[in-house]
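The values are calculated or read from the model by the stated rules, or taken from the named source; none is laboratory data. Keep in mind the model is a prediction, meaning the values are calculated, not measured. We place every Cβ from the backbone using ideal geometry, glycine too, and count neighbours over all the protein chains shown. All accessible areas refer to the heavy atoms of the entire protein, side chains included, with ligands and DNA or RNA removed. Shrake-Rupley method; radii C 1.70, N 1.55, O 1.52, S 1.80 Å.
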Amino acid sequence: EQHSQLQIEQADHDRLIAVLDRNFATAELNTYYLAAPFAGMITRRFKRAGEAVRQGDPVIELVSTATMKIEGRVPLEDVVRLKLGQAVTVKLADSEDQTDELPAAFKAAAFKGRLVYIDPGVSPVGKRDVRVWAEVANQDGLLRHGLTAVMSIDASTRP
């Protein structure tokens, strides 16, 4: 009976070791996979499948356009009414130097977001204005780098 009890303990111990070996192998295998923390589009590829990669090596450049940063300038006299977190609305506009008009879908879209940065400095050249940034949801992917936009900041909203 004691011999049977020892065999049971040995089997339990062997099972525990096998589970730990399996978990270790799974963890080691997971180091060979990459998972991005967000959905996006690959804009640059530094490595290909099968290439050696060291820790810290860039593999891809991943860009998400779900949220876009809109940068603008606000006259110095209006900056005192601005607070981080205030609501903003961005609308696309025809730029003065373009001969083509924006398609109707672009002109009709309004992008909602919030003010995330107010530069502590003032523009040293030209008009005395302050740079601001907003983050807005890019509905239907219409916002594109290089388009001209008008940003309205609702100074009455509480951050």
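A few points about this structure:
- Put a plus charge on the Cβ of each Lys and Arg, a minus charge on the Cβ of each Asp and Glu, and nothing anywhere else: the dipole of the chain about its Cα centre is then about 660 debye.
- Normalised by residue count, the stretch 91-159 yields a Cα convex hull volume of 124 Å³ per residue.
- Helix 2-30 axis, angle to the chain major axis (alpha carbon atoms, nearest 10°): 30 degrees
- Length-normalised contact order of the stretch 1-101 in % [C-alpha pairs under 8 Å, at least 6 apart]: 17 percent
- Between the residues LEU76, PHE46, LEU62, the greatest Cα displacement towards the positive end of the dipole of the stretch 33-78, with unit charges on the Cβ of Lys, Arg, Asp and Glu, is found for PHE46.
- The sum of -39500 (n - 2.57) across all DSSP H runs of n ≥ 4, divided by the residue count of the chain, sets its helix-only mean residue ellipticity at 222 nm to -7000 deg cm²/dmol.
- Scoring 140-151, 30-41, 53-64 by mean Cβ neighbours within 10 Å over their residues and listing the highest first yields 140-151, 53-64, 30-41.
- Rounded to the nearest 20, the size of the Cβ-charge dipole of the stretch 1-61 about its Cα centre is 680 debye, with Lys and Arg at +1 and Asp and Glu at -1.
- Taking all protein chains as they are arranged and a probe of 1.4 Å, the heavy atoms of LEU29 leave approximately 90 Å² accessible to solvent.
- Accessible surface, per residue, of the stretch 1-134 when the full set of protein chains is kept, probe 1.4 Å, Å²: 79 Å²
- Dimensionless Rg/Rh of the chain - Kirkwood Rh, Rg from C-alpha atoms: 1.31
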